[in-house]
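The structure appears right after this line, and notes come after that.
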Amino acid sequence: MEQGTPYYFKFIEAFPNVQALANAPQEQVLKLWQGLGYYSRARNLHITAQHITGEFKGEFPKTYKELLSLKGVGDYTASAIGSICFDLPTAVVDGNVYRILSRIYGISTPINSSAGIKEFKQLAQKLLDISQSGTFNQATMEFGARYCVPQNPDCLHCIFNKDCVAFLSNTVGELPVKIKKQKIKKRYFNYIVIVSADKKTILNQRTGKGIWQQLYEFPLVESASEISENQLINTDDYVSLSKIHGITELVLYNDVQVVHKLSHQHLYTKFWIGYSNNLNNNGIKISEVQDFAVPVLVSNFISSFPEFK
DNA sequence: AAAGCGGGGTG
DNA sequence: CACCCAGCTTT
């Protein structure tokens, strides 16, 4: 909530209605989302706005099935919108609900297994008070967020402690059960920050699969491990870049690699400043760099680099 | 069923 | 460092 609220207000101001969002360029949507992460959500939100103004003729769908058909809307979101906005009898199961139910009922089925997802959804659906679905759902989630918290919950004062299987069996700390693996991949990024005599630079848009789709970054040379300047300037990617943009001098900006941690990747990053006399009509003005949507890793660099301030 | 996708916070 | 988060889509 803390992290998302300012973004919410920026969005509402920029896009007061669904038509405004649908008609906006993707670049603007991503720029407003910059720093939030999970950028596919921004793209899906944008696509969904277009579906609603198009196929749904501007009328927001109000059945579970239709909600579920929207890009980026899965069981949780469809159930939440359905119950809160349209009084549909659909139970939400988010992280809070998993935690509360697994503890009170003493359920050790992993919450991120197929069996667990099904079991918890069924239980939540059975418990749902359909005379006030939205309120019930929000209250359940809020109780989990405020009281049945992940670590060191105050069970001694909890209203459920007479019935909570986990509390009575002293297993609160072990529930919910989650299957975890997700090994973290290490990657080595070398960003070539080109600075030309007429104060221009180069940004590329990330396309295809992987992280940060559609966001911008400096020309990237990725390597299998940390590399020295000598190794860098002998890579095909750098040779090509240097030729195209006329790099005359290369200076390492950060002696110690910046480690940018995503949930599933650690990015060991060096920023190299490549000075050029002439970008041959390529590139963008340095003063315009701030208009592009960039990942936090790149944004942090830009904020720290005097030439770009 | 598993993998991939961000960034920030807590203890 | 381990774990958590108002999940969903793709493979």
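Checking A:A166 against (1) of a type outside the set (S, T, Y); (2) farther than 30 Å from A:S108 by Cβ; (3) in contact (Cβ under 8 Å) with a residue 40 or more places away in the chain, which test does it fail?
Single failed check for A:A166: (2).
Six or more apart or on different chains, Cβ under 7 Å: which pairs go from a residue in the stretch A:214-243 that's not assigned by TED's automatic domain parsing to the domain that holds A:W33 to one that's in a helix (DSSP H, G or I) and among the acidic types (D, E)? Could you list them?
Going by the 7 Å Cβ cut-off, the qualifying pairs are A:V221/A:D237.
Name the residues in the stretch A:140-177 that are assigned to a loop (DSSP other than H, G, I, E, B) and either of a type in the set (F, W, Y) or touching a Gly at 6+ places or on another chain (Cβ under 9 Å) (or both), would you? Before you say what the answer is, go through the steps one by one.
Residues of the stretch A:140-177 that are assigned to a loop (DSSP other than H, G, I, E, B), as a first pass: A:147-154, A:158-164, A:169-171, A:175-177.
Result: A:Y147, A:P150, A:Q151, A:N152, A:F160, A:C164, A:S169, A:T171, A:L175, A:P176, A:V177.
Out of all the residues in the stretch A:62-82, which are in contact with an Asp or Glu (Cβ under 6 Å, 6 or more places away or on another chain) and farther than 24 Å from A:N96 by Cα?
First, the residues of the stretch A:62-82 that are in contact with an Asp or Glu (Cβ under 6 Å, 6 or more places away or on another chain): A:76.
Hits for the stretch A:62-82: nothing passes.
Pairs, please: C-beta under 8 Å, at least 6 apart or cross-chain, first residue touching a residue at least 12 places away in the same chain (Cβ under 8 Å) and in the stretch A:90-118, second among the basic types (K, R)?
A:A91/A:K121; A:V93/A:K121; A:P110/A:K178; A:I111/A:K178; A:N112/A:K178
Looking at (1) surrounded by 14 or more Cβ atoms within 10 Å (Cβ to Cβ); (2) more than 16 Å from DNA strand C (Cβ to nearest atom), find the lone condition where A:V258 falls short.
Tallying (1) surrounded by 14 or more Cβ atoms within 10 Å (Cβ to Cβ); (2) more than 16 Å from DNA strand C (Cβ to nearest atom), A:V258 fails exactly one: (2).
Quick grid of which residues meet (1) within 16 Å of DNA strand C (Cβ to nearest atom); (2) loosely packed, with under 13 Cβ neighbours inside 10 Å; (3) not assigned by TED's automatic domain parsing to the domain that holds A:W212:
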site: A:K10; (1), (2), (3): no, no, yes
site: A:A14; (1), (2), (3): no, no, yes
site: A:V18; (1), (2), (3): no, no, yes
site: A:A22; (1), (2), (3): no, no, yes
site: A:W33; (1), (2), (3): yes, no, yes
site: A:L36; (1), (2), (3): yes, no, yes
site: A:T48; (1), (2), (3): yes, no, yes
site: A:E59; (1), (2), (3): no, yes, yes
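Identify all residues within the stretch A:253-285 that are in contact with a Lys or Arg (Cβ under 7 Å, 6 or more places away or on another chain) and either farther than 13 Å from A:F301 by Cβ or within 16 Å of DNA strand B (Cβ to nearest atom) (or both); write none if there are none.
Matches in the stretch A:253-285: A:Q257, A:H264, A:Q265, A:H266, A:L267, A:Y268, A:L279, A:G283, A:I284, A:K285.
Which residue, of A:S240, A:S196, A:S228, is hydroxyl-bearing (S, T, Y) and crowded, with 17+ Cβ neighbours inside 10 Å? Quick ask: steps written out before the conclusion?
Values: A:S240 fails: crowded, with 17+ Cβ neighbours inside 10 Å; A:S228 fails: crowded, with 17+ Cβ neighbours inside 10 Å.
Sole residue among the options that is hydroxyl-bearing (S, T, Y) and crowded, with 17+ Cβ neighbours inside 10 Å: A:S196.
The values are calculated or read from the model by the stated rules, or taken from the named source; none is laboratory data. In this text the structure is predicted, and so the values were computed from the model without any measurement. Cβ coordinates were reconstructed from backbone atoms using ideal geometry, including for glycine residues, and neighbour counts include every protein chain displayed.
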